[in-house]
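Peer 1: Dropping the structure in here first, questions after.
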């Protein structure tokens with residue numbers, strides 16, 4: 001029993017010694033951290049603070065707003081076919097520049113239809129809304145997405161058979177430049193190409209060359225260097241502009257420096273001029289006869 005009690009006391013002493021060592025280590029670690037903190041504070045006190053900009057008070061009622069360029073809204077559309085593509089392009093421009101305003105495809109469609117307020121356009125939108133209100137269509141949308149709406153819109157509100165009309169004109173001589181300016185010819189030609197649906201680059205170049213004035217076409221076709229390819233329509237457009245501009249500049253130069261026209265001066269006749277002497281026949285006619 002005595003041995004057990006001695007062993008127990010020895011174990012208790014050893015435990016207390018171990019705890020004392022652990023406590024001492026913790027105190028040392030705490031002292032090291034405190035020393036480091038004091039050194040940091042002392043260093044901070046020796047370093048002057050950097051100048052800061054004064055705070056500008058912001059009024060609660062006038063928050064700062066970032067200005068952003070916003071496109072114009074589409075014009076009201078009455079259904080006239082000649083204005084259909086312009087209205088559709090205006091809608092697409094706004095949608096692309098302000099995508100955050102449209103949560104989904106149906107929002108785009110309803111927004112565009114809100115500008116169709118008069119004429120055939122208003123009647124068309126009325127039919128669309130009436131279709132969607134039918135019980136059997138209560139859970140359906142008339143148009144699947146914006147592209148679907150766009151295709152239906154073009155069928156209803158753009159010139160009918162515009163492609164056929166453009167193709168027929170391009171297959172004739174009616175689109176030729178003739179006496180028109182190059183800008184007028186080029187504008188009409190590009191519109192016809194768009195309406196016709198032609199996409200083959202060589203076909204486009206051939207038809208453009210055929211319609212050009214002969215002088216311009218020959219100048220481009222016979223260029224020694226820099227001649228555009230027969231499949232590069234944009235190159236032909238640009239070169240035609242350059243040739244036409246050079247021709248106009250040269251004509252203006254020649255007109256400004258052309259010498260004056262010389263003419264043979266005519267003699268002046270005045271009222272003080274003496275009459276020419278009469279001829280011998282006229283003189284004999286006036287001699288009196290004595291009988």
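Peer 1: Tally time: how many residues in the range 91-104 are under 15 Å from residue 153 (Cα atoms) and surrounded by fewer than 16 Cβ atoms within 10 Å (Cβ to Cβ)? Walk me through it before giving the result.
Peer 2: Narrowing the range 91-104 to residues under 15 Å from residue 153 (Cα atoms): 91-92.
With surrounded by fewer than 16 Cβ atoms within 10 Å (Cβ to Cβ) added as a condition, the list becomes 92.
So the count comes out to 1.
Peer 1: Just wondering, is there one or more residues in the range 165-183 that are assigned by TED's automatic domain parsing to the domain that holds residue 210, surrounded by fewer than 11 Cβ atoms within 10 Å (Cβ to Cβ) and either assigned to a helix (DSSP H, G or I) or touching a strand residue (DSSP E or B) at 6+ places or on another chain (Cβ under 6 Å) (or both)?
Peer 2: yes
Peer 1: Given 153, 129, which one is part of a helix (DSSP H, G or I), surrounded by fewer than 14 Cβ atoms within 10 Å (Cβ to Cβ) and at negative phi?
Peer 2: Values: 153 fails: surrounded by fewer than 14 Cβ atoms within 10 Å (Cβ to Cβ).
Going through 153, 129 in turn, the sole match is 129.
Peer 1: Let me ask something else. If you check 224, 211, 197, which single one turns out to be closer than 16 Å to residue 167 by Cα and exposed (fewer than 13 other Cβ atoms within 10 Å of the Cβ)?
Peer 2: On the way: 224 fails: closer than 16 Å to residue 167 by Cα; 211 fails: exposed (fewer than 13 other Cβ atoms within 10 Å of the Cβ).
Answer to the selection: 197.
Peer 1: Determine which member of the set 137, 43, 89 is under 25 Å from residue 195 (Cβ atoms) and modelled with pLDDT under 95.
Peer 2: On the way: 137 fails: under 25 Å from residue 195 (Cβ atoms); 43 fails: under 25 Å from residue 195 (Cβ atoms).
Unique residue meeting the criteria: 89.
Peer 1: Please specify each residue of the range 136-150 satisfying the condition of being out of contact with any helix residue (DSSP H, G or I) (no Cβ under 9 Å at 6 or more places or on another chain) and assigned to a loop (DSSP other than H, G, I, E, B).
Peer 2: Restricting attention to the range 136-150, the residues satisfying the condition of being out of contact with any helix residue (DSSP H, G or I) (no Cβ under 9 Å at 6 or more places or on another chain) are 136, 139.
Scanning the range 136-150 gives a single hit, 139.
The values are calculated or read from the model by the stated rules, or taken from the named source; none is laboratory data. The shown structure was predicted, so the numbers you read here are calculated from the model rather than taken from an experiment. Here the Cβ is made from the backbone with ideal geometry for all residues, glycine too, and neighbour counts use every protein chain on show.
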